[in-house]
Ligand SMILES: Cc1ncc(COP(=O)(O)O)c(C=O)c1O
């Protein structure tokens, strides 16, 4: 018998998925992934290592991440039962869909936004209803309201601040949607610490509201892969059924715990990033041929009006500066996104951009 063609075994809905491409970043100025550009605060890495060494790294990690969940709960003002931690918030997006989505269900997603909501919907067998945002990237409320009340829409994904636009929405808008939603409404607050406003308090009133957060951005722990979600106990109880028992390794649990306990050490870095964002916005605003969009996160989306964005992106890369090219994504013609780097990185980026624009 002939062996089967492996591609024919693949679930048909996965055929269009493109693998995440590895790319070289070493030696470049990395302003493409919205990380915190600073090293960890003084002494923190050593403290993480000391703490981790005191744990039994030869044994499986705590499957409930009890200590970390307790610390997160205190940080967010909720109960530990309301917190689920994951291998980055990417894992939690998939876990939510594995648990509440799947074949026959839809995810409602206003776009442009973070691509993983749609990717994981497809991977888990659900389908996407994509609704375009307004031209200023605000939420298309009437269109969302119409769709969100459908019983097949099991999950709606909203991000505030949104990636890549940097836009936020208000409590009134969220309440308007929550009042109509038949499924879960996930608000991704990955960039919460750069903005300062959270919807966590609304969970008391809306048991279908889920908040997603991460240690990858403000806490500068992207390489450790730690994310968390906060929701009503009814929601987290279901997620604990489906979560892999050892999804978060001991070293990463320890790193997030130590970082959170020492969160005061991050304050000057966060202030510096927010001030840097305002400076960068002003500089881009004054640059002929560039239209930046206001942002409440640690990055700025801008449109190139004189030169095609892919060319600007390539020419910046040739000068050692990596930013994100979004041209080609719906609603983002000639758009690029730059992370707020350290002062010197910002200056180099602005100089290079000026040079590229001629
Ligand atoms: C809006 C948003 N959510 C989630 C993530 C993923 O974060 P994590 O590193 O926790 O998987 C990102 C990363 O860029 C993001 O921009």
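The values are calculated or read from the model by the stated rules, or taken from the named source; none is laboratory data. Values in this document were obtained by computation on a predicted structure and should not be read as measured data. Because the Cβ atoms are built from the backbone with ideal geometry, glycine has one as well, and the counts that use them run over all protein chains shown.
Brief remarks follow.
- Residue in segment 251-266 that is modelled with pLDDT of 95 or more, exposed (fewer than 14 other Cβ atoms within 10 Å of the Cβ) and assigned to a helix (DSSP H, G or I) present: yes
- Number of residues in segment 98-120 that are under 19 Å from residue 165 (Cβ atoms) and within 14 Å of the ligand (Cβ to nearest atom) equals 11.
- Set 95, 17: member being surrounded by 11 or more Cβ atoms within 10 Å (Cβ to Cβ), within 16 Å of the ligand (Cβ to nearest atom) and under 22 Å from the mean Cα position of the chain (by Cα): 95
- Among the residues of segment 167-214, those identified as part of a loop (DSSP other than H, G, I, E, B), more than 12 Å from the ligand (Cβ to nearest atom) and closer than 23 Å to residue 234 by Cα are 181, 182, 183, 198, 199, 205, 206, 207, 208.
- The single condition from (1) surrounded by fewer than 20 Cβ atoms within 10 Å (Cβ to Cβ); (2) over 17 Å from the mean Cα position of the chain (by Cα) that residue 101 fails is (1).
- Test: residue in segment 277-285 that is surrounded by 19 or more Cβ atoms within 10 Å (Cβ to Cβ), outside the structural domain of residue 73 (by TED's automatic domain parsing) and under 29 Å from residue 226 (Cβ atoms): yes
- For segment 216-264, filtered to residues that are within 16 Å of the ligand (Cβ to nearest atom) and free of Cβ contacts under 8 Å to residues at least 24 places away in the same chain, the residue that is nearest to residue 163 (Cα to Cα) is 223.
- Top-ranked residue in segment 155-166 [being within 12 Å of the ligand (Cβ to nearest atom) and within 13 Å of residue 211 (Cα to Cα); ranked as surrounded by the most Cβ atoms within 10 Å (Cβ to Cβ)]: 157
- Complete set of residues in segment 25-39 that are surrounded by 14 or more Cβ atoms within 10 Å (Cβ to Cβ) and away from the ligand (no atom under 16 Å from the Cβ): 28, 29, 38
- Within the option set 4, 63, 80, 22, being surrounded by fewer than 14 Cβ atoms within 10 Å (Cβ to Cβ) and either within 30 Å of residue 209 (Cα to Cα) or touching a helix residue (DSSP H, G or I) at 6+ places or on another chain (Cβ under 6 Å) (or both) holds for one residue only, 63.
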